[in-house]
1. What distance in nm lies between label points placed 7 Å from Cα along the C-beta direction at PHE357 and GLU98?
2. Taking the Cα centroid of the stretch 882-902 and of the stretch 801-841, what is the distance between the two, rounded to the nearest whole Å?
3. Output needed: percent of Cα pairs per 10 Å distance bin for the stretch 412-530, bins running from 0 to the one holding the longest distance.
4. Compute the separation of the alpha-carbon centres of the stretch 335-364 and the stretch 191-221 and state it in Å as a whole number.
5. Which residues in the stretch 1-36 have a backbone N closer than 19 Å to a point placed 7 Å from the Cα of ALA46 along the Cα-to-Cβ line?
6. For VAL12 and CYS144, what does the FRET efficiency come to when R0 = 35 Å and r is the distance between their Cβ atoms, rounded to the nearest 0.05?
7. Figure the gain on full extension for LEU648 and LEU742 (residue separation times 0.36 nm, minus the Cα-Cα span) and round it to one decimal in nm.
8. Ordered by residue, what ³J(HN,Hα) values in Hz, to whole numbers, does the stretch 709-717 give under the Karplus form 6.51 cos²θ - 1.76 cosθ + 1.60, where θ = phi - 60° and Gly and Pro are x?
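Nothing in this text is a laboratory measurement; each read-out follows from the coordinates by a stated rule. Just so it is clear, the model here is predicted, and its values are computed rather than measured. In this analysis, Cβ positions are derived from the backbone assuming ideal geometry, glycine residues included, and neighbour counts consider all displayed protein chains.
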Amino acid sequence: MSALPALQNKFVELLELIVEGDKNQNGKVVQVLQDIFELVTNDMMANGHRVVDLIECSQEAVDDFTVFSRKIEPQLFESAASKTSICFPLPDDGPLTEQIQRLHLLLTVKDKAMDIPANLEARRRISFFATSLFMDMPSAPEVCSMMSFSVMTPHYMEDVNFSMKELQSSKGQVSIIFYMQKIFPDEWKNFLERMGYQNFNELMDDGKEEEIRKWASFRGQTLSRTVRGIMYYRQALKLQALLEMPEYKAFIALIFFLVATCAYPDVVEDVNVFERNNPKSSAELDALVDMKFTYVVSCQMFGSHKSSGDPRAEAVKDLMIRYPALRVAYIEEKEEIIGDKPQKVYSSILAKAVGTFDQVIYRIKLPGPPIIGEGKPENQNHAIIFTRGEALQTIDMNQDNYLEEALKVRNLLQEFHHNRGRRPPTILGLREHIFTGSVSSLAWFMSYQETSFVTIGQRLLANPLRVRFHYGHPDVFDRLFHITRGGISKASKTINLSEDVFAGFNSTLRRGCITYHEYLQVGKGRDVGLNQISKFEAKVANGNSEQTLSRDIHRLGRRFDFFRMLSCYFTTIGFYFSSLISVLGIYVFLYGQLYLVLSGLEKALLIEARMKNIESLETALASQSFIQLGLLTGLPMVMEIGLEKGFLTALKDFVLMQLQLAAVFFTFSLGTKTHHFGRTIMYGGAKYIPTGRKVVVFHASFTENYRLYSRSHFVKGFELLLLLVVYDLFRRSYQSSMAYVLITYSVWFMTMTWLFAPFFFNPSGFDWDKIVDDWKGWNKWIKEKGGIGIQQNKSWQSWWNDEQAHLRRSGYGARLFEILLSIRFFLYQYGLVYHLDISQQSKNFLVYVLSWVVILAVFLTVKAVNIGRQLFSTRYHLMFRFFKAFLFLSVFTIVITLSVICELSSKDLLVCCLAFLPTGWGLILVAQAVRPIIENTGLWQFTEVLAKAYDYGMGTILFSPIAILAWLPIISAFQTRFLFNQAFNRHLQIKPILEGKKKQK
């Protein structure tokens, strides 16, 4: 290999002579060719001397006379008297000369460190493509011999393209176009350079709105980005078919070298030039590619959008015009007169673009409305009939594809011809790249979590566990196998909320084989804000709870062998069930510790252990509660990063993630999963939760955070907080503080995480101006009355009624279970009231009864204030004030009297609050469970008032420390730094984005 530099120098010298084209340099060309021949035969080939011997043997002399009398033969590559051995200079051919000059440029340009692409995404794509070429993949057949396949994308109401109004509208936040400019500064600079303008205003003044819309849409989670990426399949196949044509094979090696170096524009230009010069061959290429590739976008609402004039219909039509091979399937609903009666007729329609209009290709009349189950799988089911070929790839509308990856699709499809065990695969799993993880810390956490699952996780599931299923897009199905065995999407309402995984269940139950391949990847967009991430995790948890109740999991468990059954359990529903058991274990631990403390059993046992020096008993009683602090969740991420980037980089990233509160995020996510999984198991009713796929990282109001996390995190956090405080209050007489900390530190961590994580991860969460706006919005939301047509984001009453939807659709068993769970608050009260000083250590049951009398008196006082507000607050405002003052003085007098006569202490007042507050919440839960019985009585109205008071109180307690911290400017700066550390490392301008400035640069 040491001769390669010399060979390169000689080859460059030859190219320079060819480009120069001076016929007087013929001798020099011959000399260079001879030098190249000598280098190859002598220094590079193992048996190169044989080639020289074969050439020289024809020139050996018969005898000595012949040697002196024969005519001297010309040397290799030299011209004879009658003919020339080489064609120099080359004929004047423009395309040929251009290709030679390009090859000369590629060989003479010296790569330096500064020549590496500045764009991080370009580096990643080049690196992965170059690495994937060394992976084990089947050989690619010619295009004419490859498997035909289709790609299908379901679309509902998502964005197709960004309009200029959407790009420039801020709605109180930063505009999308401004956000794009700051997040992709190098790409925006390149865009301006390509367009020949200096700034955004010049583009607008010159009417370049369409180019701006495309640039922004291709960087968001839009349908146009997905369609552009998938249509790279067609472009790649056309390029490969072109290279396989006999008249174009002279440049195959050069073209593939250009593709490998990502010189896409030049390659595409080559294809375009060929199409212009050879229209007949171009038509043959189009026909061949159309036979092998079909792309169908199932736009469920396209028909209704057309009839209503929705801009999204025009955007879809523009996509069909831009990509003539694109096909759009949609549902048409119209009325027809049948038997003198109007009836709705439904049809599945496949359309394409002809000129500037859409034309119907096929129309299939349906027996009724096609959307009777879950929307997304039904949308796929009605359009699958329009797909063609032997394979089918399902792509979501927030995904992307790349030209260099599309070049490997022929290799991928060959996997269907290779047996994996006893049979060929029926589903090919592919790797995904999360392209939304480059800015905020939350997006970074989710990107690493998803990347670890779609790489090392699925690799392990496929081999050796053999329990990989279909976890979403972009898997490739054996189309013929699946459409003859139930299709690719089960669509039963509620139970098939996670329709993707049921396709994998269906394939495995029908003796299919599912594999995973990492040499081809597609892009995938994920949510970037905490609220969006939580909605996504809630949706997945709901889907897993429905899987737990499904017959598919039961059948898989019955048919798998023992080890495969365990693998299936722990990699599907077992993860969520184990998380639920972990959280329930925290409650059992705290209530158990509280029982030991309040009953005096722990004190007696510890004293006896110390007297008898029994260390094992004391150690058992001081057992720690270990919870998932995010470290175990991060372990697969560390392994995957270590395998791909090195373990030193993995260790650095892991430490950095912990400094950016990754443990807080994953512990908070644990609460999201367990709440929605457990509630769906108990009450059912899982439903699809749209995340919105927001582009801009925006500030969420306090009201929105409270609505989203009140029942899943805040209520549970307050319950754990009360248990920890009561436990600390009654153990101090005999237990050291260090022992308490060691026992409860992890529970304190989880409690604080569940209460305050949404505000830590909320951009501008400690900005004083936004804090003031949040407080005003919170009070307005609490006081606004609900009713028919009032959304839950406008009124507390509407939200509270919607929060009870799971109970309204539940049976008597679930309601009884809810009541039984609420009894824990009454037992908690029972344990505390006997530790009041006023009870004088009495164990009489009458003490517990009297505590209920006090609760009843408090409720009557609250009811009196509410009635007084209704009667007097409007017309007799002064009288209402006197009434409240009278009640206050009465309560104050009673407290003073009890403290003097019955020895009521200040500690008793604190313990009463700690005891009665959970009791009131338990009564609210019981009232909600028996709502059908008490709904038309005054008890239900009182329950609503009491629930509003509890929510207002919890919201105020949560808001107070946030408002206090907002006074300190360093807190806001610290939050911005840890939340957007990735952006700061890339020198992105985050501060203008968070401030919401609409000024364009």
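1. 3.8
2. 29
3. Over the stretch 412-530, the share of Cα pairs per 10 Å bin runs 13, 41, 32, 12, 1 percent.
4. Value for the Cα centre distance between the two parts: 38 Å.
5. Under cut-off, by backbone N: 1-4.
6. FRET efficiency, VAL12 to CYS144: 0.40.
7. Gain in length upon complete extension: 30.7 nm.
8. Karplus values, whole Hz, x for Gly and Pro: 10, 4, 7, 7, 10, 5, 4, 5, x.
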